[in-house]
Amino acid sequence: MFSLQLTCSPTQEEELIAELHEAGTTGITEEPGGLRAFFTDEAGTNELLARFAPFGPELRREPDIDWEKATRDAWPTLLVGSRFFLAAAWNTDPTPASRLRLEIHPGMACGTGWHPCTQLCLEALERTVQPGATVLDVGSGSGILSAAARLLGAGRVFACDIDFEALLVARERVLLPMFAGSLDAVQSATADAIVANISSAAAEELAPEFARVRRTDSVLILSGFTEDDLPEGYAPRHSLRRDGWACLIC
């Protein structure tokens, strides 16, 4: 049994977690400055060191520990906004009164609910999604925002992502229409609400498509960027901020 200490920024964590699970980790814990991942296959040590070289891996021999339990303990329940209760698929804790239970699948795809941008998007959704609305989730990752919109009473929810592998995983967890591609495949004047947890550059590039796909009096929720890297060309009605990250409600 051994572990790798990997140095990464908060923006890299979710993708790195997904890649570590793909590489066969038996558990992951958060540590200052990055993540520690645990492995049992000693024969694959050199391959793992090479694969994760960009993250400065530090090897450490480990005693025998119940890593399944350690992984479960690393993902406690989380209250987000005024309505959501986030719990991993294996968690059996009861849902608090007046909360909506949003199931997460750590390590399966981007979007576990722990990143500030995901949390800001969830808060924006609960403020803006109206019962029966048509909601489009752009860059859906794990599908967590699509699932949240449905819980909030949206009548129709569909999603897209250019990462086909992430989409395959999300489709198994979120039983909503999802397609591989981007906004150019969506009919004009379709969405009452659009949520896009993407980069600032992508938000700027997609601005004409957002305008085309939106209905009159619709809402556009944008996040995935820091406070000092806001996308240009938007006039937000409100903005939400957390830990240096931003969410615009247009």
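Descriptive notes on the structure:
Conditions tested, residue by residue: (1) surrounded by 15 or more Cβ atoms within 10 Å (Cβ to Cβ); (2) of a type in the set (G, A, S).
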residue: Q5; (1), (2): yes, no
residue: E14; (1), (2): yes, no
residue: L20; (1), (2): yes, no
residue: E30; (1), (2): no, no
residue: G33; (1), (2): no, yes
residue: R36; (1), (2): yes, no
residue: E47; (1), (2): no, no
residue: L59; (1), (2): no, no
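- Residues located in the range 211-228, provided they are in a helix (DSSP H, G or I) and surrounded by fewer than 21 Cβ atoms within 10 Å (Cβ to Cβ): A211, R212
- Close contacts from the range 140-163, counting a first residue that is of a type in the set (F, W, Y) and a second that is surrounded by fewer than 24 Cβ atoms within 10 Å (Cβ to Cβ) and assigned to a loop (DSSP other than H, G, I, E, B), with Cβ to Cβ under 6 Å and a gap of 6+ residues or different chains, come to F158/P177.
- Of the criteria (1) within 21 Å of the chain's Cα centre (by Cα); (2) farther than 16 Å from C121 by Cα, which one A246 fails: (2)
- Lone unmet requirement of (1) more than 17 Å from the chain's Cα centre (by Cα); (2) over 23 Å from Q12 (Cβ atoms); (3) among the hydrophobic types (A, V, I, L, M, F, W, C) for L230: (2)
FYI, it's all coordinate maths here, none of it is from the lab. Worth saying up front: this structure is predicted, and the values here are computed from it rather than measured. FYI the Cβ positions are ideal-geometry reconstructions off the backbone, even for glycines, and counts take in every protein chain you see.
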